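The values are calculated or read from the model by the stated rules, or taken from the named source; none is laboratory data. Computed from a predicted structure; not experimentally measured. Using ideal geometry, Cβ is built from the backbone for each residue, glycine included, and neighbour counts are taken over all protein chains shown. Protein only, heavy atoms only, side chains kept; ligands, DNA and RNA dropped before computing areas. Shrake-Rupley method; radii C 1.70, N 1.55, O 1.52, S 1.80 Å.
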Amino acid sequence: MISAWRRHNIMNRLLTREEIFEGNILHVYKDTVEIEDNLTVEREVVQHIGGVGIALEDKDGKFFFVKQWRYAQQEETLEFPAGKKEEGEDSLTTAKREIQEETGYTGKDWIYMGKIYPTPAYDTEVIDLYYAKVDQYIGQHLDEDEKIQIYKYRLEELIELIMEGKIPDAKTVSMAMYLCQMKKRGEI
């Protein structure tokens, strides 16, 4: 039997914060915090505005994917369309903007699937996950430095690609789990 979830109350009191780096996408801080037993420790924190991932399904039951070069990983990745929130923008607005920019299609019948913390040990980023059905094609609007190829796969094909190690993108793996369970439960 799985034990009941218990919240562990840990004191973390911020003593000092030093800005290490301020960039366009993220800020890095070095915090000095007091934790249990009056222990003082340093924590490096990456502050990120957050983003979205979108599972856009066409009328044939296939989902849209983007393949693009990811500089930090030094490889092309296949993943669900996604993007960063703009300052003051709510997640659904971000999702609607990003799906159209990356795939050229609008979505309809939007459903919030949940959220993930990609790297909770040191990063504040939250990615909100959405499902939508394809609506109409109005054209891509890629950033100047974006080179995206569009692919479509059925959910079963996606699971195989993940299990073969061909899709290591965390949000895509998480979204596949959400989609499997939500379809099984009749929620989408």
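Placing unit charges on C-beta atoms (Lys and Arg positive, Asp and Glu negative, everything else neutral), compute the dipole magnitude of the chain about its Cα centre in debye, rounded to 20.
My answer is approximately 900 debye.
Express the carbon and sulfur contribution to the solvent-accessible surface of the chain as a percent, rounded to the nearest whole number, probe 1.4 angstrom.
Roughly 49 percent of what the probe reaches on the chain is carbon or sulfur.
With contacts defined as alpha carbon pairs under 8 Å and 6 or more residues apart, what's the relative contact order of the chain in percent?
RCO, the chain: 20 percent.
Quick check: the distance between the Cα centres of segment 12-79 and segment 151-188, to the nearest angstrom?
22
Is there a pair in LYS85/LYS184; LYS30/LYS115; LYS115/LYS184; LYS108/LYS152; LYS85/LYS115 whose C-alpha atoms are over 24 Å apart, and which pairs would that be?
Over 24 Å apart, Cα to Cα: LYS85/LYS184; LYS30/LYS115.
How large is the accessible surface per residue of the chain, computed with a 1.4 Å probe and reported in Å² as a whole number?
65
Taking amide H positions as placed in the peptide plane 1.01 Å from N, state which residues far from LYS85 in sequence (5 or more) or on other chains have amide H under 5 Å from it.
HN-HN under 5 Å from LYS85: GLY50, GLY51, VAL52.
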